[in-house]
Structure formats: structure tokens, C-alpha cells
1. Hey, what number do you get for the chain at 222 nm if only DSSP H runs of n ≥ 4 count, each worth -39500 (n - 2.57), divided across all residues, to the nearest 500?
2. Please report the base-10 log of the normalised intensity I(q)/I(0) for the stretch 2-87, using a Debye sum with one equal scatterer per alpha carbon and no solvent, at each q in 0.16, 0.24, 0.27 (1/Å).
3. In the stretch 2-87, how many lysine pairs have Cα atoms under 18 Å apart, counting only pairs 8 or more places apart or on different chains?
4. Ignoring ligands, DNA and RNA, what percent of the accessible area of the chain is carbon or sulfur (1.4 Å)?
5. Hey, what do the phi angles of the stretch 26-42 turn into as Karplus ³J(HN,Hα) couplings, whole Hz, using 6.51/-1.76/1.60 and θ = phi - 60°, x for Gly and Pro?
6. Placing +1 at every Lys and Arg Cβ and -1 at every Asp and Glu Cβ, with all other atoms neutral, what dipole size does the chain have around its Cα centre, in debye to the nearest 20?
7. Taking every DSSP beta bridge with both residues inside the chain, roughly what % is antiparallel (nearest 5)?
8. Just the accessible area per residue of the chain, please: how many Å² with a 1.4 Å probe?
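The values are calculated or read from the model by the stated rules, or taken from the named source; none is laboratory data. What you are looking at is a predicted structure, and each value in this text was computed from that prediction instead of being measured. Heads up, the Cβs are rebuilt from the backbone with ideal geometry, glycines too, and the neighbour counts pull from every protein chain shown. Surface accessibility is based on the protein's heavy atoms, side chains included, excluding ligands, DNA and RNA. Shrake-Rupley method; radii C 1.70, N 1.55, O 1.52, S 1.80 Å.
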Amino acid sequence: MKVNVDDSVLTFKSRAAIGGVLRGLNGSWMGDFDMVVGLLDIFRIEARALLEGLKFVWAKGYRKVEIESDNSLLITVIQNGLATNNNYSE
């Protein structure tokens, strides 16, 4: 399974929308999610999208997933195990 996540920020309305798509091994659509969240910094919004995406696929019973995000800092934090660092723990 592969989870693609992203966000959209509406600064004039002080909120952001996050969402994602779950795709199977051959790229077929398996589900999607979206929600409106409060306006935070872009890193936290992207991290929230990723967290909600993981919760979404875990609720469907998938445990081995590939994630995709366009936020390179978020991917670096995860790949290097920095998510346990107090600066990123939220």
C-alpha cells in the first residue's frame, strides 16, 4: 500500500485542509481521506496530514505502507529518526 498526503492552506480563513489517497500495489485507488485543521506552520500541517494518513491505512488493517509527501524536511526527520527529538515530538 502507498499513502500520498498533502495540504492546502487558506491563510485568509485561518485554516488548512489536509488529505490523502491510499493506492494499491498496481496504483489502483483504495480510498481517500480529507479534513480541515487549524492553521499552524507548514511543517506541522504536513506532519498532521501524514499522521492522519497513517491512521487511515492502519484502521483499514494495513501495517506495511509506503508514504509520500512533498515536504522534504518531514521526510528527512522520519528517515533519520529525528521524530523522537523533543523539537519534533509534537
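1. -9000 deg cm²/dmol
2. Cα-only, vacuum Debye calculation for the stretch 2-87: -0.64, -1.20, -1.33.
3. Count of close lysine pairs: 4.
4. 53
5. So the Karplus estimates, Gly and Pro as x, are 8, x, 6, 5, 10, x, 8, 8, 7, 6, 9, 10, x, 7, 10, 5, 4 Hz.
6. Magnitude of the dipole: close to 300 debye.
7. Bridges in the chain that DSSP calls antiparallel: roughly 85 percent.
8. Heavy-atom accessible area per residue stands at 66 Å².
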